[in-house]
Amino acid sequence: MNPFEISSHKLPEFVLTSRRSPVFATRGMVATSQPLATEAGLEILRAGGNAADAAIAVAAALAVVEPCSTGLGGDAFALFYNAKGRTVSALNGSGKSPAEISLAKVQEMGIAGELPKRHAMTVNVPGALALWTDMIEQHGTMPLSAILAPAIHYAMQSFPVSPVTAHLWNEGAEHVLRTSPGGTSLLLDGEAPRCGEIMLNRALGLTLARIADCSPKKAREMFYRGDMAERIVRIVRENGGFLSAEDMAGHSTLFQDSISTTYRGYEVHECPPNGQGLAALLALNTLSTIDVAGLGKPDSAKRMHYLIEAMRLAFADARQHIADPQEYTPPLDKLLSPAYGAARAACILQDRANPAAASGMPVNSSDTVYFCVVDKDGNGCSMVNSNYMGFGTGIVPDGLGFSLQNRGHNFSLDPAHPNVLCGGKRSYHTIIPGICLRADKSLHSTFGVMGGFMQPQGHLQVISAMLDDGAGPQEALDRLRFCIEPGEAGGKVCLEEGLPPETIADLSAMGHSVGIIEGYSRTIFGRGQIIIRDSDNGVLCGGCDPRSDGYAAGLC
């Protein structure tokens, strides 16, 4: 396949390259990291709901069955593809920092370098609920009572905990829940639920039931101005945070235009800053003039070297330009121009790592959920919901059943940086959904790879698999990955267990500091989902990451 050639509107030719087959359907498809969440989305599609309705049902279900990664105490970003207009819109559900916080104030407290990871001062306004309700008002067709019903059922009637979630829940118990205010309410007798153990969360079920009994507008009022807001503010301030009732009441979702770059004749769309989708687009723009498929097999050292170096360069730019869009306007036209991509490509050395790109390493990691839905009419929703690090701060407001995120930890304490900490500001955000369109603006795919600063790295690798090699969704997700590890001097490159020994040796010889990751630690490589749509006959083809508990499923 010529990597510079625009392929047909057909699905990729099906070749069984893994032990897991892709899923095919015609009247809608849902792909998530949890089987119960996938079923929640399908239930809504069966009832006549569209992609927006099903996506919010999935988000709510994941808040119940995978609370280590997501929930009402976190933030959300979404891309929605409108099949009738062939347009992509972006919803930014990230909350601002408390108005009272400032760089001077935290410096007076003796804090330097970064904010404490799990402290109440890192709690920004949780924006997920506002995005859920705005998505329904803008694009949905069903009432909240129907959309939230599956999640309420799981919370009130119980559910068995899946393997990867049990592992992440146990990590959360060890690192934060046992020591955070209210955190033990998300444990069973002080312990994380084990794989297969029955769990319920009546407090969260009651919270969701109250929301479900409202219109979207009234649900926002209750959460951001009513007693729920009071409980959130109270526990944050009691534990040294700065969040106020005014901060909560002033929150609103940002409705934005997506940003995009052209790669192999396809438009790849991401949410604009303060999300880090820009990093994925920068890496793709850098590689757009390079014959990636001609560099060798996907698991060859030369090919992985080019992707790693493109990602380092992208992070170097992203860390300088991603900040609150209401506070700083990045030069997107320049950054995503073909000329700039070509100039950055010239920085990649053919046979060795470029030390000048090392400053582009990411700085942290997180737990997140990604999911996507395509309905029978071809509308698509690509969405990420996250509480940042596992369970966020681990702080659980009284009687609400969810933990609060620690997204404020992403602020810079460098006064000259666009992402510098100040009051009433959105921080650099890791969560990024993706959508890919063909040249005629028809939907090619909804895609995403969850997992903190792994997300743009995952986007780069699955898009390259699909557009450079013609891989189907399951094959693209099955491929072994690299991850530039956060927080490591020199940006250590983690490689997934199973890569050829010669690839590992050759990358090391090129000057990359490499390490092999095995077992459950492989979750650092992200957990993704992809749905591809054939624009001729509407057939959907979905895949789900083997590193997750979930699956893709559809209707016919």
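Overview of values
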item	result
Computed lengthening from A439 to E174, 0.36 nm per intervening residue step minus Cα-Cα distance	90.5 nm
Sulfur and carbon atoms: percent of accessible area, the chain [1.4 Å]	50 percent
Summed side-chain charge close to K302 - residues other than K302 whose Cβ falls under 12 Å, Lys, Arg +1, Asp, Glu -1	-3
By average C-beta atoms within 10 angstrom, highest first, the peptides 258-269, 91-102	91-102, 258-269
Förster radius 45 Å - calculated FRET efficiency between E191 and E502 (Cβ-Cβ, nearest 0.05)	0.55
Backbone N under 19 Å from the D377 label point (7 Å along Cα→Cβ), restricted to segment 99-139	133-139
Under 11 Å from the K217 label point (7 Å along Cα→beta-carbon), backbone N, segment 18-57	none
Rounded, prolate or oblate (a/c below 1.5 giving rounded, otherwise prolate when a/b exceeds b/c) for segment 91-173 by Cα gyration tensor	oblate
Amide proton proximity set for A471, modelled H, under 5 Å, gap of 5+	M466
H417/D333 FRET efficiency (R0 30 Å; Cβ-Cβ; nearest 0.05)	0.85
Kirkwood hydrodynamic radius over Cα pairs of segment 400-540, then Stokes diffusion coefficient at 4 °C and 1.567 mPa s, in µm²/s	73 µm²/s
Label-point separation, Q157 to A356 (7 Å along Cα→Cβ), nm	6.2 nm
Amide H contacts of T261 (H built 1.01 Å from N, under 5 Å, at least 5 apart or other chain)	V268
Cβ crowding within 10 Å averaged over residues, with 225-234, 297-306 ranked highest first	297-306, 225-234
Value of relative contact order over the chain, rounded to a whole percent, pairs C-alpha under 8 Å and six or more apart	26 percent
Surrounding net charge for L477, when Lys and Arg each add one and Asp and Glu each subtract one, Cβ distance under 11 Å	+2
Area of D213 that stays accessible when all protein chains are in place (1.4 Å probe, Å², to 10)	130 Å²
Mean accessible surface per residue for the chain, computed with a 1.4 Å probe while every protein chain stays in place, in Å²	34 Å²
Whole-Hz couplings from phi, Karplus 6.51/-1.76/1.60, listed for segment 109-120; x for Gly and Pro	7, x, 8, 9, x, 7, 6, x, 4, 10, 6, 4
Backbone HN-Hα couplings from phi across segment 528-543 [Karplus 6.51/-1.76/1.60, Hz, Gly and Pro as x]	x, 9, 9, 10, 9, 10, 7, 6, 7, 10, x, 5, 9, 10, x, x
Packing-based order for 532-539, 334-341, 144-151, 441-448, using average beta carbon neighbours within 10 Å, highest first	441-448, 144-151, 532-539, 334-341
Relative contact order of segment 74-168, defined on C-alpha pairs under 8 angstrom at six or more residues apart (%)	27 percent
Cα-Cα P(r), segment 57-110, percent of pairs per 5 Å interval	4, 14, 15, 14, 13, 14, 12, 7, 4, 2, 1
Local net charge near H417, Cβ-Cβ under 13 Å (Lys/Arg +1, Asp/Glu -1)	-2
In sequence order, calculated HN-Hα J values of segment 399-412 (Karplus, 6.51, -1.76, 1.60; Hz; x Gly/Pro)	x, 9, x, 9, 8, 9, 5, 10, 5, x, 4, 7, 5, 8
Amide H contacts under 5 Å for L480, placed H, 5+ residues apart	none
Pair-distance profile P(r), taking every C-alpha pair of the chain, with 10 angstrom steps and integer %	4, 20, 31, 28, 14, 3, 0
The chain, helix-only ellipticity at 222 nm - DSSP H runs n ≥ 4, -39,500 (n - 2.57), divided by all residues, nearest 500	-9500 deg cm²/dmol
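The values are calculated or read from the model by the stated rules, or taken from the named source; none is laboratory data. Fair warning: this is a prediction, and the values are worked out from it, not measured in the lab. We place every Cβ from the backbone using ideal geometry, glycine too, and count neighbours over all the protein chains shown. To get the accessible areas, we keep the full protein, side chains included, count just its heavy atoms, and leave off ligands, DNA and RNA. Shrake-Rupley method; radii C 1.70, N 1.55, O 1.52, S 1.80 Å.
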